[in-house]
1. Mind listing whichever residues of region 179-188 are buried (at least 21 other Cβ atoms within 10 Å of the Cβ) and either within 25 Å of the chain's Cα centre (by Cα) or not in a helix (DSSP H, G or I) (or both)?
2. I need the full set of residues from region 117-140 which are touching a strand residue (DSSP E or B) at 6+ places or on another chain (Cβ under 9 Å) and under 17 Å from F4 (Cβ atoms), in order please.
3. With (1) assigned to a loop (DSSP other than H, G, I, E, B); (2) within 17 Å of E269 (Cα to Cα) as the list, and C232 as the residue in question, which single condition is left unmet?
4. Would you mention how many residues in region 348-376 are of a type outside the set (A, V, I, L, M), free of Cβ contacts under 8 Å to residues at least 60 places away in the same chain and either surrounded by 18 or more Cβ atoms within 10 Å (Cβ to Cβ) or within 21 Å of G229 (Cβ to Cβ) (or both)?
5. Can you confirm whether region 201-222 contains a residue that is more than 30 Å from P62 (Cβ to Cβ) and either modelled with pLDDT under 95 or assigned by TED's automatic domain parsing to the domain that holds N105 (or both)?
6. Considering each residue of region 22-78, count those that are in contact with a Cys (Cβ under 9 Å, 6 or more places away or on another chain) and at positive phi, and give that number.
7. Out of curiosity, is N431 of a type in the set (S, T, N, Q), crowded, with 24+ Cβ neighbours inside 10 Å, out of contact with any Asp or Glu (no Cβ under 9 Å at 6 or more places or on another chain) and at pLDDT 95 or above?
Amino acid sequence: MIDFVKTDERIRLEDYEKITFLSNAVDTLKEKAGALVPPLRGRTIWMVNSTAQGGGVAEMLPKIISLCCDLGLDVRWAVIGSDRKEFFSLTKNIHNLIHDAGKMNLGTAEREIYEAVNRENADDLKPHLKPGDILIVHDPQPMALGHMLKAEMDIHAIWRCHIGVTADTDRTRHAWDFLAPYSEGYQQTVFTTAEYVPGYLHDKFRIIYPAIDPLNHKNRDLEPVKLTGIMCNSGLAKDHQPVLTPPFDHPVRRMQKDGSFAPATHKEEIGLMYRPIVTQVSRWDRLKGFLPLLQGFSEMKRRAGERLESEWECGRHKRRMSIVRLVLAGPDPDSIQDDPEGVEVMEELKGAYMSLPEPVQRDIAILALPMASRKENALIVNVLQRASSLVVQNSLQEGFGLTATEAMWKRKPVLVSNATGLREQIDDDVNGCINQHPEDVDGMADQLESILQSPLDRARLANNAQRKVYAKFLVFSQVAEWLETMRDVADRRSRR
């Protein structure tokens, strides 16, 4: 059941040109496009993935599509679907196996489910394709679809894999062996780093970094009036004064001490505008490292509470440790059909949260972010990151980690794990900090406090972080890389 998604991007390339600090990046893209776009005209370029909302792929595609269209190309977006819940459980397990987790149970029955759903979606998409079109398939869920259509039609096919780990284990090999037959139809593959590429694809891959849009709702600058207005509209703060815009239809909810969810300001506000805040925003996924972050923060608070007055270096840091709060935020688990693990992870976090002493519970906010409106969700994430003193991405494994990129662009210090995708972005103690052992609770407590106690270091890290994103991780350089990849695939066929 293919769903054709229309992007509602209103910001055009000319709008970026008007922004002084973005004009050079736009000029560079347009110069490259002058040579790369002409061979691609007359073709339809299809982006195919498994969800229109939630996760980095769905975040990036609308802007890539919009900018390519601005440059004169016909680019469309299709999302696969199925009523078979076991398909998404299967593909989630493939995702976990590629990250060296999950169950090694990919056999004949699993292949039949995988191919049946891909066959159904391929048949839905096939009438819309014409010879010479370029099909770009994202991640394992629809990988077989591209293989099938390439075998049946005179089209070009590229597979973009956004995930991976550097480890070569029984689990990772089990997943890559399962996917190997479907790689044969692709002329080119794209990865985030060469370390993720399985051996059978070493002769046809290239690297494209994920990137962010600096003017979308998640990353654009917010003046104080707008920032506080969004907090009030979304239910993250009470409207102590009149605000200009109306409340969102679906407010943020916060986990209560009994594990239920209520409005985020129920009984007490989080204090985003007043307190030091440590934040992680991710999908509810075991690999995102929510639980050790919660435990590490709790340990930091426990230690702080036990210190004697004479042991504090300064009164301000004592006050900081007393009032700092942790925000763990992710989408409503029921809103993402391809992530059945989300509810389970939320239950695990609920159990850990309910076991904490009440004073520590008050300083941890587990937030369920509404997904009904992509715009409102993006604005909520924007204000959460901008209100933070420190943004964490404690992933046990991470393909790249756009939440870290977003925080870096906002000039926020980041603490990330040593997952490969995050190491691609962060130079330790230069534009962020790397936690080498993301599951070490004591080590997490040490690093959180170390970063929080030095405002000058946080400012240094934050400034360097924004410069790194400007140089490497904005959408303009990503689009240029995609244009070159598509041109090369089309030219290779023409030369043959």
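1. The answer is L179, Y186.
2. If the condition is that a residue be touching a strand residue (DSSP E or B) at 6+ places or on another chain (Cβ under 9 Å) and under 17 Å from F4 (Cβ atoms), then N121, D124, L125, H128, L129, K130, D133, I134, L135, I136, V137, H138 are the ones that fit.
3. (1)
4. 0
5. Scanning region 201-222 turns up at least one residue that is more than 30 Å from P62 (Cβ to Cβ) and either modelled with pLDDT under 95 or assigned by TED's automatic domain parsing to the domain that holds N105 (or both).
6. 0
7. Working: of a type in the set (S, T, N, Q): yes; crowded, with 24+ Cβ neighbours inside 10 Å: no; out of contact with any Asp or Glu (no Cβ under 9 Å at 6 or more places or on another chain): yes; at pLDDT 95 or above: yes.
Answer is no for this residue.
Residues are listed down the side, and each one gets a yes or a no for (1) of a type in the set (G, A, S); (2) surrounded by 15 or more Cβ atoms within 10 Å (Cβ to Cβ); (3) modelled with pLDDT of 95 or more:
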{"residue": "I451", "(1), (2), (3)": "no, yes, yes"}
{"residue": "L456", "(1), (2), (3)": "no, no, yes"}
{"residue": "K472", "(1), (2), (3)": "no, no, no"}
{"residue": "R495", "(1), (2), (3)": "no, no, no"}
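The values are calculated or read from the model by the stated rules, or taken from the named source; none is laboratory data. A quick note: this is a predicted structure, and the numbers were derived from the prediction, not measured. Cβ coordinates were reconstructed from backbone atoms using ideal geometry, including for glycine residues, and neighbour counts include every protein chain displayed.
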